[in-house]
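Visitor: Take this structure first; my questions come after.
None of the figures in this text is laboratory data; all of them are computed from the coordinates on show. Just so you know, these numbers come straight off a predicted model, no measurement behind them. All Cβ positions, glycine included, derive from the backbone under ideal geometry; neighbour counts span all protein chains shown.
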Amino acid sequence: MKRYDLITPEGTRDLLFSDCIARRAVEEKLAGIFKGFGYSEVVTPGIEFFDLFSGSSRNFRQENMYKLTDSKGRLIVLRPDSTIPIARLASTRLKYAKLPLRLYYNQSVYQNNSLLKGHSDETVQSGIELIGGVNTKRADYEALSMAAQSLSEFDNENFRLEIGHIGYFKELVAKLDVDEGVQEEIRFLISAKNYPALNDLLDKVGSNQVTNALKQLPRLFGGVEVFEKAAEIYTDDKITGILYNLKEVYNRLLNLGYEGRISVDLGIVSHTDYYTGIVFKGYLSEVGQSVLKGGRYDKLLGEFGNDCPAVGFGINVDDVARHIEKIGGAPRLKTADAVVYGEKGYVVEAVAYAQKLVREGLTVENSLFNTAEESEEYARTKGIKKLIIVGEDVKELEL
């Protein structure tokens, strides 16, 4: 029988010293941005009931969730998403709170990505949820501006923010004479960028303006010219309004000084179905996939009895941490300022002296060796420049 006690499960990894420092630096930077805009932190349970992720727009595939049962035999899952639990939280414990609610989070999500090589099953995400507010357009601009600021903190010249509108896709598929299962399969194939399978499926549905437009969704990417291309492929009153509003958002973001880093992508359909309006993704130069995903979801809270508009985004902290390590932007692992060695009979006094130095702001290691000579050799090996010997008196040796 094969043992698995020396390895981690597929899709997971151990983090060592520099990895932890990089992750913590990203978390702290993002938390500073979020708190600066008046957001308050919330934490939801790592395990939730399966039902939470199986509502009308909460269509997480069973095969992508880690499932187990509780003591009463009820099906529960490891949290695959943070927005849905926060929507539940806002609709229950915070239902009567003054709106708008500005919430941020920093927690792990779990998804079984066994078929997607290179994707982690456990990911730390930081993000915001802006819930409520009279003017949803103002909220969209706040979320988009914060998304751009978050990306620029780690890759100011080279980040990219792609914006789209899920309404363009939903208006098209609603015109097909197919059931919700086929509509979901079309969305899933576009999200997975499985275009051969998408074309095969649409060929079975039929050849018309709508299926032709859906086939061309991946090509509707770029600058301001995308809006004209999309209108030429297919349009009606609703789609015309969607494109007009999205173009306005695009131009406003350019005016904020992000020209060259903002693009349009009408092929953003997301792996989740709760989005109802503007959607967006963010990229960094040293990461081959999006590190930020977000959008407007105006119907999700209504599924929990709290009909309320909302917009938000989440950032893959682990991917951002790897990015800053690659470009040399992560804080360095700090070497201790000194090793403190206690002579025989002064071991406890040495620990107390080390505590005093720590309170003064220094980083010290308490020696676990039996002699000062061994302690000195250890300090030199670690690149520590000072040995402090505590005995009847205190001696400091520069190394």
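Visitor: Per residue, how big is the convex hull around the C-alpha atoms of the chain? Give it to me in cubic angstrom, could you?
Guide: 215
Visitor: Please give the peptides 101-110, 323-332 ranked by average Cβ packing (other Cβ atoms within 10 Å per residue), highest first, as a rough proxy for protection.
Guide: 101-110, 323-332
Visitor: With a point put 7 Å past each Cα toward its Cβ, work out how far ASN251 is from HIS119 in nm, to one decimal.
Guide: 3.7
Visitor: Go ahead and set up a Gaussian network model of the chain, Cα springs under 10 Å, then flag whichever of SER71, SER40, SER57 fluctuates most.
Guide: SER71
Visitor: How much FRET efficiency would the formula 1/(1 + (r/R0)^6) give for THR335 and ALA231, where r is the Cβ-Cβ distance and R0 is 56 Å, rounded to 0.05?
Guide: Taking R0 as 56 Å, the efficiency between THR335 and ALA231 is 0.40.
Visitor: Take the Cβ-Cβ distance between LYS95 and VAL351 as r, set R0 to 45 Å, and report the resulting FRET efficiency rounded to the nearest 0.05.
Guide: So the FRET efficiency works out to roughly 0.30.
Visitor: Under a GNM of the chain (C-alpha, springs under 10 Å), which listed residue has the highest mean-square fluctuation: VAL182, VAL347, VAL311?
Guide: Per the Cα network of the chain with a 10 Å cutoff, VAL347 tops the list.
Visitor: How would you order 78-91, 375-388 from highest to lowest mean count of nearby Cβ atoms within 10 Å?
Guide: Peptide ranking by packing, descending: 78-91, 375-388.
Visitor: Give me the percent relative contact order of the chain, please, defined on Cα pairs under 8 angstrom at least 6 residues apart.
Guide: Relative contact order comes out at 17 percent.
Visitor: Okay, next question. What is the extension gain from LEU399 to LYS72, computed as 0.36 nm multiplied by their sequence separation minus the C-alpha to C-alpha distance, in nm to one decimal?
Guide: 111.5 nm
Visitor: Follow-up question, since we're still on this one. Once R0 is set to 41 Å, what does the formula 1/(1 + (r/R0)^6) return for the Cβ-Cβ distance between LYS326 and PHE50, expressed as a FRET efficiency to the nearest 0.05?
Guide: Taking R0 as 41 Å, the efficiency between LYS326 and PHE50 is 0.60.
Visitor: Here's something else I'd like to know. What is the distance in Å between the Cα centres of the stretch 330-389 and the stretch 129-168?
Guide: Centre-to-centre (Cα) distance: 48 Å.
Visitor: OK, next. Roughly how many nanometres apart are two label points built 7 Å out from the Cα toward the Cβ at THR381 and LYS193?
Guide: Each label point lies 7 Å from its Cα, and together they span 4.7 nm.
Visitor: Between the DSSP loop rule and a limit of at most 15 other Cβ atoms within 10 Å, which GluC sites (Glu not before Pro) in the stretch 7-92 are left?
Guide: Sparse-neighbourhood loop GluC sites (Glu not before Pro): GLU10.
Visitor: Calculate the spin-label point distance for GLN149 paired with ASP14, positioning each point 7 Å from the Cα along the beta-carbon direction, and give it in nanometres.
Guide: Inter-label distance under the simple model: 3.9 nm.
Visitor: Tell me the mean residue ellipticity at 222 nm calculated for the chain from its helices only (DSSP H runs of n ≥ 4, each -39500 (n - 2.57), averaged over every residue, nearest 500).
Guide: -11500 deg cm²/dmol
Visitor: Then there is this: If I build a Gaussian network model for the chain, linking alpha-carbon pairs within less than 10 angstrom, which residue out of LEU266, LEU52, LEU15 has the largest mean-square fluctuation?
Guide: Between LEU266, LEU52, LEU15, it is LEU15 that shows the largest mean-square fluctuation.
Visitor: Please report the projected area of the stretch 1-71's Cα convex hull averaged over all directions, in nm².
Guide: Quarter of the Cα hull surface area: 8.9 nm².
Visitor: Using only the Cα atoms of the stretch 338-398, what are the Rg and Dmax in Å?
Guide: 10.3, 28
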